1. Report, as a whole number in µm² per second, the diffusion coefficient that Stokes-Einstein gives for segment 5-174 at 37 °C and 0.692 mPa s using the Kirkwood radius over alpha carbon pairs.
2. What are the lysines whose alpha-carbon lies under 20 Å from the alpha-carbon of Lys246, with same-chain residues fewer than 8 places away excluded?
3. Going Cα to Cα from Lys72, which lysines come in below 27 Å? Please leave out same-chain ones fewer than 8 positions away.
4. Could you give me the ³J(HN,Hα) list for segment 165-177, computed from phi with Karplus coefficients 6.51, -1.76, 1.60 and θ = phi - 60°, whole Hz, x at Gly and Pro?
5. At 4 °C and 1.567 mPa s, grab the translational diffusion coefficient of segment 1-87 from Stokes-Einstein with a Kirkwood Rh over Cα pairs, rounded to a whole number in µm² per second.
6. List every residue whose amide H lies under 5 Å from the amide H of Phe53, counting only residues 5 or more places away in sequence or on a different chain, with H placed 1.01 Å from N in the peptide plane.
7. Where the centre of each part is set by its Cα atoms, how far does segment 1-70 sit from segment 73-115, in angstrom?
8. Do any chymotrypsin sites (Phe, Trp or Tyr not before Pro) in segment 45-123 lie in a DSSP loop with no more than 14 other beta carbon atoms within 10 Å, and if so, which?
Amino acid sequence: MSSNGIPIIQTVFDRIDPYRLKGTLIAIPGMNVPSIDLSQRLFPDEEDLNRVFPGKPDGTSSEQYSYFAFQKIISQADYLIDLHTASFGRVNAMYVRADLRKDALARLARLCDADILLDGKSASTANAAAGRTLREEADLHGIHTITIELGDPQVYQPEMIRRGSFSIMNILSHLGMSDWPAETPPPAALCTRSYWIYTDEGGLLEVPVETAQRLRKGDLIGILRNPFGDVIKRYYAPEDGIVIGKSTNPANRSGGRILHLGILK
């Protein structure tokens, strides 16, 4: 469950003076309500709600939910900030995913107090028949969208909440919606692409690196042991990069995630 976004929204609304607000500010503090109630990532029909857009008015329960959420609320927006955290058993750096080829989105991304900016293409070239993320679907509708990944699941992290609310207030100021004084955050590492690295055997996994840590090719990134503590295999960085996210759950099946490696520009 992506918890950090909820107090971020609460903080932003505490700071906004509605009588001085220019435009309309809409927030959904926890979009996937059924999954929040069940303390799980997947919708009750076992679908990832962020992979079924645009949804269908007469489809499965997750398709209907995503369809009506988009049609009734999200489609009204000119700009969208989608707040996420890592999934269960993983942790993330604070990073922004956006199509940085678009100047408007690049400006929004650089206003965020992020560790990493990840250049993610928009959905304009994506398969229209496939399930899309909210960011991809919003982009197809001309909504300027960025995704902010804010740390770890199922926990309130004060530092992430502070940085996330700072970032949104900066964006609102930039858009002319708020007279909150904007500040320039420290420059973030820029990644042109990223990918996950996986195990090829099962065992108990240790990932001895930190999020936002820079790696050189050949650096140790994972140690896999059997239940007796014997090392089965060691894993090494296949190229230079930066740790966007990593696995924290030691129980690892073959094909399990080790870390999310960003390739620096």
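1. Once the numbers are plugged in, D ends up at 198 µm²/s.
2. Of all the lysines, those that pass the test against Lys246 - Cα under 20 Å, at least 8 places apart if same chain - are Lys217, Lys233.
3. Leaving aside lysines fewer than 8 places away in the same chain, those within reach of Lys72 are Lys22, Lys56, Lys102, Lys121.
4. 5, 4, 5, 5, 4, 4, 5, 4, 5, 4, 7, x, 8
5. The estimated diffusion coefficient comes to 91 µm²/s.
6. The answer is Arg132.
7. 15
8. Passing both the DSSP loop test and the Cβ count: Phe88.
Every read-out reported here was derived from the displayed coordinates using simple, explicitly stated rules and does not represent laboratory data. Only a predicted model underlies this, so the values are computations on that prediction, with no experimental measurement involved. Here Cβ is always computed from backbone atoms with ideal geometry, including for glycine, and neighbour counts include all displayed protein chains.
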